[in-house]
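Undergrad: Please see the structure below; I have some questions.
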Amino acid sequence: MKPTDEQAAAADAFHAGEHLALQAGAGTGKTTTLAQLAHATQRRGRYLAYNRAIAQDATARFPKSVLCKTAHALSRSFCFGPRFAGEADRWLHLADVPIRLTGAGTVPTELGPVTRPDAVLCRTDVGAVAQVMDLLSGGHRVALAGGGDSLRALALAGRDVKEGRRTIHPELVLFTCWGDLQDYAAHDPAGRDLEPLVGLVDTHGADAVLAAVAHLAPEDQSEVTVSTAHKAKGREWAQVRIAGDFTPPSDGPPHDTGQGTARRIDDKEACLAYVAVTRTRRRLDIGGLSWINEHPEGALASVQPRQ
């Protein structure tokens with residue numbers, strides 16, 4: 001890959017023996033640049049990552065002279081093509097974040113449908129349950145980022161409520177019977193995140209969901225990894241699809257955007273969407289976020305990335 005101007009400047013400073021800090025937003029090429037520098041020297045080094053999964057990914061990218069370990073509050077990112085930078089910038093704009101990305105014209109990237117994703121990114125754990133069930137029913141070997149303990153706990157809680165028992169699970173602790181949970185998920189905007197779980201349990205039963213979680217594969221033996229966007233921070237895959245639980249805003253007062261009346265997109269939701277769309281190296285299927293193309297704020301936020 002041909003270095004960008006910024007990467008070339010970093011390489012010049014590095015080879016000159018200067019102290020160097022790469023200050024940039026998520027997904028702009030910091031880790032790619034560090035890997036390039038590491039491969040261009042015989043010196044030994046250490047890469048500090050946000051979590052173990054990121055450190056494992058980095059181990060495969062860096063030479064053996066670099067020891068990749070975990071550390072708190074440090075995460076990795078990667079280099080974008082112009083189309084990915086434009087999509088990421090749209091969400092940065094909606095989140096009212098002042099930085100903007102520069103697309104690298106030498107990076108081959110595509111936006112479009114992905115039928116065989118390396119990763120499916122979800123907004124919630126409940127959404128991840130639905131994706132795991134769907135992919136397993138299609139005969140795929142499925143892994144879950146971070147393991148299946150959280151999904152198993154959620155399925156057990158769903159079974160407890162379904163069978164009339166109270167649960168201490170934070171997602172379902174307020175419900176004393178399944179009918180109340182069904183009504184909440186179906187009719188209350190705040191309950192939309194639980195609708196996939198209710199549908200799965202009603203259709204397949206809680207035991208089937210638990211069986212699906214038990215059939216999860218390790219990531220290094222899987223065809224596709226399911227992850228929440230939060231757990232995907234700092235990671236990357238070649239082909240990524242965004243799951244359908246990234247739904248448009250359904251609560252809060254409508255406001256006039258200048259392009260029409262719509263409910264405002266929450267800053268935190270925009271930041272989470274930004275994380276999701278910046279996890280791919282080659283092809284991105286925005287899938288569950290495609291509603292942004294019809295949302296008035298999305299039209300206002302569409303910008304051309306700098307190259």
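Undergrad: Of all residues in region 174-217, count the ones that are of a type in the set (Asp, Glu) and under 21 Å from MET133 (Cα atoms). If you could, list the steps in order and put the result at the bottom.
TA: So the first thing to find is which residues in region 174-217 are of a type in the set (Asp, Glu), and the list is 180, 183, 188, 193, 195, 202, 207.
Next, only the ones that are under 21 Å from MET133 (Cα atoms) stay: 193, 195, 202, 207.
Selection size over region 174-217: 4.
Undergrad: Among (1) in a loop (DSSP other than H, G, I, E, B); (2) free of Cβ contacts under 8 Å to residues at least 60 places away in the same chain; (3) in contact with a Phe, Trp or Tyr (Cβ under 9 Å, 6 or more places away or on another chain), where does VAL97 come up short?
TA: For VAL97, the failing item is (2).
Undergrad: Can you tell me which residues in region 112-140 are open to solvent by 50 Å² or more (accessible area, probe 1.4 Å) and either free of Cβ contacts under 8 Å to residues at least 60 places away in the same chain or farther than 19 Å from ALA232 by Cα (or both)?
TA: Passing the criteria: PRO113, THR115, ASP134, SER137, GLY138, GLY139, HIS140.
Undergrad: Give region 22-40 a look and list any residue that's open to solvent by 30 Å² or more (accessible area, probe 1.4 Å) and either assigned to a loop (DSSP other than H, G, I, E, B) or farther than 17 Å from LYS233 by Cα (or both), or say none.
TA: Within region 22-40, LEU22, GLN23, ALA24, ALA26, THR28, LEU34, GLN36, HIS39, ALA40 meet the criteria.
Undergrad: Determine if region 135-142 includes at least one residue that is of a type in the set (A, V, I, L, M) and touching a Leu at 6+ places or on another chain (Cβ under 7 Å).
TA: Looking only at region 135-142, we keep the residues that are of a type in the set (A, V, I, L, M), and these are 135-136, 142.
Subsequent filtering for residues that are touching a Leu at 6+ places or on another chain (Cβ under 7 Å) retains 142.
For region 135-142, residues of a type in the set (A, V, I, L, M) and touching a Leu at 6+ places or on another chain (Cβ under 7 Å): present.
Undergrad: Name the single residue, out of those in region 191-237 being under 30 Å from THR28 (Cα atoms) and in a helix (DSSP H, G or I), that is farthest from the chain's Cα centre (by Cα).
TA: Looking at residues that are under 30 Å from THR28 (Cα atoms) and in a helix (DSSP H, G or I), I get GLN221.
Undergrad: For region 257-274, indicate whether the set of residues that are modelled with pLDDT under 85, open to solvent by 60 Å² or more (accessible area, probe 1.4 Å) and not in a loop (DSSP other than H, G, I, E, B) is non-empty.
TA: So far as region 257-274 goes, yes, one or more of its residues are modelled with pLDDT under 85, open to solvent by 60 Å² or more (accessible area, probe 1.4 Å) and not in a loop (DSSP other than H, G, I, E, B).
Undergrad: Of all residues in region 238-248 being open to solvent by 50 Å² or more (accessible area, probe 1.4 Å) and in a loop (DSSP other than H, G, I, E, B), which is farthest from CYS271 (Cα to Cα)?
TA: GLY244
Undergrad: To continue, here is another question. Can you tell me which residue within region 164-196, out of those that are charged (D, E, K, R) and open to solvent by less than 70 Å² (accessible area, probe 1.4 Å), is modelled with the highest pLDDT?
TA: ASP188
The values are calculated or read from the model by the stated rules, or taken from the named source; none is laboratory data. Because the structure is predicted, anything quoted here is derived from the model rather than measured. Please note: Cβ atoms are built from the backbone with ideal geometry, for glycine as well, and neighbour counts cover all protein chains shown. We work out accessible area using only protein heavy atoms, side chains counted, and drop any ligands, DNA or RNA first. Shrake-Rupley method; radii C 1.70, N 1.55, O 1.52, S 1.80 Å.
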